[in-house]
Amino acid sequence: MKKTLLTILAGLLMATTAFSGNYKSFKVSVYTRAYEVEKMKDLHWLDSTWTIISNQLKVDKIYLETHRDLLIVPSETLEQAKKYFQDKGIEVGGGITYTINESNSFETFCYSDPEHRKIVQEIAEHTARHFDDFILDDFFFTSCKSDIEIKAKGNQSWSDYRIKLMTQAGQDLVIKPSKKINPNVKIIIKYPNWYDHFQGLGFNLDTGPKIFDGIWSGTETRDPSTAQHLQNYLSYNIVRYFDNLRPGFNLGGWVDSGGSNMGMDRYAEQLWLSMFAKAPEIALFAYNQLIGVQLRPEVHRTPWQGQGTSFDYDEMMKPITLSHGQTVLPTTMARVAGVALESVDQFVHKLGQPIGIKSYKPYHSSGDDFLQNYLGMIGLPMDMVPEFPTDQQVVLLTEQAKFDPNIMDKIKQQLQKGGDVVVTSSLVKAIPEKIADIAEIRVTDLKAIVNDYGQAGTSKDILIPQVRYYTNDAWEVVSAGRPLSKGVSGFPMLLRAGYSKGNLYVMTIPDDFGNLYDLPQTVLNSFRQTLSKDLDVRIEAPSKVGLFLYDNHTFIVENFLDEAVTIQIVTHEDITVLKDMLTGAVLEKLPQVTPVNRRRQPEKVNRFRLTLMPHSYKVFEKK
């Protein structure tokens, strides 16, 4: 009880601090690279560039970086910049990027090298002298494989070695020396967006949130088709996951200009998804982008504009009237951030605590990498947790769960108390003998190409793993073939096997996770119905429509598609009215429909119809 109370008090204190500036729901900050901070020795450059940002965006705090790529900003410049912003009523914090050369594949320090260790500590001490809080940008990890590191690693795996090395480096080279210089300093580690691979480079999500004074979430998802292939939903999901690592200590989201080449809708979306997750602060990376990314309609105005979308490019481009009456025109992406954040600030503070389908990810686990973000994009509200939840009707397990040596005991306990467990086909393949103790289900290297789901519809050709089972020991809830109707073979997309008082479900995941978006709506609806037993709202919709739920009878639906879509919102029978929190409009429930399959008991639910514009959201209150 004491720990819970302290967590609640910490959250309340954080909320009070975060929401006392220009916004009701969160704080807005700007992160500044050492390159730009170093230029701030020229007050004319500083004033002229800050004017560009501040004319278009309300800023509560600025972070001034002291080091990046072996550039250490002199004390005189740091103090001059600090005074400039403080005189304007802007909070000031520090930052460090521990890179040697970003242009060389983000070359990091070698933390077993005595010379490098000395530099790392000196940078931390330099920063602590000037700031009472500072953020470690993405790169407090190591990719170094120098001879010194190879010798120090010995027979350990790189992951095991680096996790220990970076935990020790954080304590001995950054935290302790900094607090010796400045006992009041708060040190925050910003974790980037590639969380499923952290252990390989030394990020430790078990110890890190505990030894640092706070953490920050990298919510930049940019263009999903490039490099990391991160799905839009990650901008929300990662905040929730990091919140669950140490409640009350996840201090913010972090977005850069990546993806704006797809249109400024994409940039705005990353910002508001971070805030849907109730991040207390949003850091805009970076100062140089806010002054340098010029607004270009031919690139940034998307084809679906003009339909009443949540982000309105033409409205954003209208002249801005400043507090002293002067009128200026929007010129850079700073104005996009200003408009997007002011828009969601109208309601974010009215939302409760985010809730969703619990998905257990043990520390330092991998497998089905980033799958929960794809599931979020098919309308399954995710809530990733580092401990197996024991208070849910349904628990989702991906291949990551194989890293828990006691996973089968936990699964059996969930089933024996009458709950359900949904596992992915990849987890079945990873631990076949363990799963067989519940049901003798097998996933081998055999594949199938499917495109027909019977009454559930059709899709393009999709490659899936073949899930095998014993007839009458398990039952197919959704089947697939090529063709399935009047075909010769079929394979389960969703399989159910009873055990004790509960059910084990196997959810077949296509080899290419992106093919989840190609599945027919009826197949997706079966996934949603099976996984949503702890929730009083779900959606029936095509893929790329997201659902965000809160514990105070509020929720958000968002359309990630390039075209308008009409969906149904399905609620418990005691919810009879859905009220749009922004317009006051009310959705009335649809007439009840008798199910086609009369052998099934009709659900005791209500349905509501809703049309969403492209890349737009609606916020509702349930009554």
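The values are calculated or read from the model by the stated rules, or taken from the named source; none is laboratory data. Keep in mind that what you see is a predicted model, and the values were worked out from it rather than measured. With ideal geometry, Cβ positions are generated from the backbone for all residues, glycine too; neighbour counts draw on all protein chains shown.
Odds and ends about this structure:
- Filter result (in contact with a Gly (Cβ under 7 Å, 6 or more places away or on another chain) and either among the charged types (D, E, K, R) or under 12 Å from Ile211 (Cα atoms) (or both)) within the range 146-165: Arg162
- Filtering Phe513, Phe548 for residues that are of a type in the set (Phe, Trp, Tyr), outside the structural domain of Gly481 (by TED's automatic domain parsing) and touching a Phe, Trp or Tyr at 6+ places or on another chain (Cβ under 9 Å) leaves a single hit, Phe548.
- Among the residues of the range 315-358, not one is in the same structural domain as Gln372 (by TED's automatic domain parsing) and either hydroxyl-bearing (Ser, Thr, Tyr) or free of Cβ contacts under 8 Å to residues at least 60 places away in the same chain (or both).
- Residue check for Lys579: farther than 25 Å from Gln414 by Cβ, basic (Lys, Arg) and either without any contact (Cβ under 8 Å) to a residue 24 or more places away in the chain or out of contact with any helix residue (DSSP H, G or I) (no Cβ under 8 Å at 6 or more places or on another chain) (or both): yes
- Matching residues in the range 141-178 - criterion: being outside any loop (DSSP other than H, G, I, E, B) and more than 31 Å from the chain's Cα centre (by Cα): Asp147, Ile148, Glu149, Ile150, Lys151, Ala152, Lys153, Pro177
- Residue among Thr424, Thr390 that alone is at pLDDT 95 or above and more than 25 Å from Ser543 (Cβ to Cβ): Thr390
- Asp113 falls short on exactly one of the conditions (1) more than 24 Å from Leu78 (Cα to Cα); (2) crowded, with 20+ Cβ neighbours inside 10 Å, and that condition is (2).
- The criterion of being more than 24 Å from the chain's Cα centre (by Cα), hydroxyl-bearing (Ser, Thr, Tyr) and either loosely packed, with under 14 Cβ neighbours inside 10 Å or not assigned by TED's automatic domain parsing to the domain that holds Phe276 (or both) does not hold for Thr554.
- Residues that are touching a Phe, Trp or Tyr at 6+ places or on another chain (Cβ under 7 Å) and either in the same structural domain as Lys402 (by TED's automatic domain parsing) or surrounded by 21 or more Cβ atoms within 10 Å (Cβ to Cβ) (or both) number at least 2 in the following strands (runs of 3 or more DSSP E) confined to the range 418-508: 420-424, 442-452, 458-468, 475-480, 491-499.
- Qualifying residue in the range 335-349 (condition: in contact with a His (Cβ under 9 Å, 6 or more places away or on another chain) and over 30 Å from Phe527 (Cβ atoms)): yes
- Selection status of Asp206, touching a His at 6+ places or on another chain (Cβ under 8 Å) and acidic (Asp, Glu): yes
- Among the criteria (1) among the aliphatic types (A, V, I, L, M); (2) assigned by TED's automatic domain parsing to the domain that holds Thr49; (3) in contact with a strand residue (DSSP E or B) (Cβ under 6 Å, 6 or more places away or on another chain), the one Val385 does not fulfil is (2).
- Check on Val59, in the same structural domain as Asp137 (by TED's automatic domain parsing) and within 30 Å of Gln353 (Cβ to Cβ): yes
- Any helices (runs of 4 or more DSSP H) falling wholly within the range 239-350 and containing at least 3 residues that are crowded, with 24+ Cβ neighbours inside 10 Å and not basic (Lys, Arg): 264-276, 333-344
- Filter result (more than 16 Å from Phe527 (Cα to Cα) and in contact with a helix residue (DSSP H, G or I) (Cβ under 6 Å, 6 or more places away or on another chain)) within the range 460-496: Lys460, Ile462, Pro465, Val467, Leu484, Ser485
- Residue, nearest to Gly356 (Cα to Cα), within the range 210-238, restricted to residues that are under 17 Å from the mean Cα position of the chain (by Cα) and part of a helix (DSSP H, G or I): Asn237
- Search result, residues across the range 168-187 that are surrounded by fewer than 21 Cβ atoms within 10 Å (Cβ to Cβ) and either of a type outside the set (Lys, Arg) or outside the structural domain of Gly252 (by TED's automatic domain parsing) (or both): Gln168, Gln171, Asp172, Ile175, Pro177, Ile181, Asn182, Pro183, Asn184
- Close pairs (7 angstrom Cβ cut-off, 6 or more residues apart or separate chains): closer than 21 Å to Phe513 by Cα in the range 373-390, among the β-branched types (Val, Ile, Thr) anywhere: Gly379/Ile539; Gly379/Val545; Leu380/Ile357; Pro381/Ile357; Met382/Ile357; Asp383/Ile355; Asp383/Ile357
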